[in-house]
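A short write-up of the structure that comes next.
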Amino acid sequence: MSLEKVKLFIEQQKKFSHMQFAHLDVDLDQNKDDLFKWIVEQSNWPTLKIHVDIPLKDIQEEVLNCDKYWVEHRTDDSDGWESMCIHGQAVDFTGGYKEEQGEYGWTELTEVCPRTTEWLQDSWGPNSIGFKDFKRVRFMKLKPNGYIMPHQDFQQRKLSAFNISITEPVGHEFAQEQAGLVPWEEGDVRLMDIGRLHSLHNSGTEDRVHIIVHGTYNAVTVNSIIKSFKIEQNKFINA
Ligand SMILES: [Fe+2]
């Protein structure tokens, strides 16, 4: 029953192209703070591809050594969805903040994933996504036949979470309301509007693994978002 709802939602969204309702008309010469705010809050972009090279092979190798850490995630509205925190309140505490769980911090996953950790902790390097500090940073697995029911994580549409594709098997579909399918490619870093309804299905035969990053941006993050917006906007204007 739930899977039928997922399939129906995904099929309904496929009539839209990903950027169909994305706004492109913005004054790029306005001050940086206003431009940043417009991109994140007003652009109506469902996702923004961030132009940064990540150590993909390293992360892919390390995640293979993490089998014992995965825990089931939000089983009430999904199936085959698993998660583990590399930064959070505990490696197996993958839900939202709870005071009694203590402070956010790096978990024992850092020992199994040293290169992933090094990359995340490098806030200023050329391949960095920045971040002044982190809240939850989680690996998210969607197993074969796994699905996530249509839901929105926030009430308002806004580009708000970094989602990074570590493996992108054939059959993974990530649909967003009025934005079709996210055109994921392995290694993509995308800033996502998860205030918009979204639903996922992995109809393939391999695990799909992504990383979701929540935290506070630094100047590298902000500059990277603005730079990436300009590159992507230019592609669509010239398409
Ligand atoms: Fe979500």
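We did not get these values from a lab; they are worked out from the coordinates using the rules stated. All values reported here derive from a predicted model rather than from experimental measurement. Quick reminder, even Gly has a Cβ in these numbers, built from the backbone with ideal geometry, and neighbours come from all protein chains shown.
A Förster distance of 22 Å, applied to the separation of the beta-carbon atoms of Gln42 and Asn238, puts the FRET efficiency at 0.50.
Taken one residue at a time, the phi angles of segment 225-236 give Karplus couplings (6.51, -1.76, 1.60, θ = phi - 60°) of 5, 5, 4, 5, 4, 4, 5, 5, 4, 4, 4, 6 Hz. Gly and Pro are set to x.
What full-extension length gain, to one decimal in nm, is calculated for Leu28 and Ser123 as 0.36 nm per residue of separation minus the Cα-Cα distance?
The Leu28-Ser123 span can extend by a further 31.6 nm.
A simple rule links phi to the HN-Hα coupling: the Karplus curve 6.51 cos²θ - 1.76 cosθ + 1.60 with θ = phi - 60°, which for segment 141-151 gives 10, 10, 6, x, 6, x, 8, 10, 5, x, 7 Hz, with x for Gly and Pro. Between Leu159, Leu191, Leu24, the GNM of the chain built on Cα springs shorter than 10 angstrom shows Leu24 fluctuating the most. Once the C-beta distance of Asn145 and Glu61 is scaled by a Förster radius of 25 Å, the resulting FRET efficiency is 0.50 to the nearest 0.05. The trypsin sites (Lys or Arg not before Pro) of segment 49-122 that DSSP puts in a loop, and whose beta carbon has at most 11 other beta carbons within 10 Å, are Lys98. Using C-alpha pairs below 8 Å separated by at least 6 residues, the relative contact order for the chain is 28 percent.
Say the cut-off is 29 Å between C-alpha atoms; which of Lys57/Lys132; Lys14/Lys68; Lys98/Lys158 go over it?
The pairs that break the limit, which is 29 Å between Cα atoms, are Lys14/Lys68.
Annotation: the residues Lys143, Lys37, sorted from fewest to most other C-beta atoms within 10 Å of their own C-beta, follow the order Lys37, Lys143. Across segment 46-57, rounded Karplus estimates of 3J(HN,Hα) from the backbone phi angles (6.51 cos²θ - 1.76 cosθ + 1.60, θ = phi - 60°) give x, 8, 10, 6, 8, 8, 8, 9, 9, x, 4, 4 Hz, Gly and Pro being marked x.
So if I place +1 on the C-beta of Lys and Arg and -1 on the C-beta of Asp and Glu, and nothing else carries charge, what would the dipole magnitude of segment 2-237 be about its Cα centre? I want it in debye, nearest 20. Walk me through the intermediate numbers first.
Numbers: 26 positive and 38 negative charges, 123 e Å.
Charge dipole of segment 2-237: 580 debye, to the nearest 20.
Computed from label points 7 Å out along Cα-Cβ, the spacing between Glu108 and Glu4 is 4.4 nm. Temperature 10 °C, viscosity 1.306 mPa s: under these conditions the Stokes-Einstein estimate for segment 2-237, based on its Kirkwood radius over C-alpha pairs, is 87 µm² per second.
Between amide H atoms placed 1.01 Å from N, distances below 5 Å from His51 occur with Ser228, all of them 5 or more places distant or on a separate chain.
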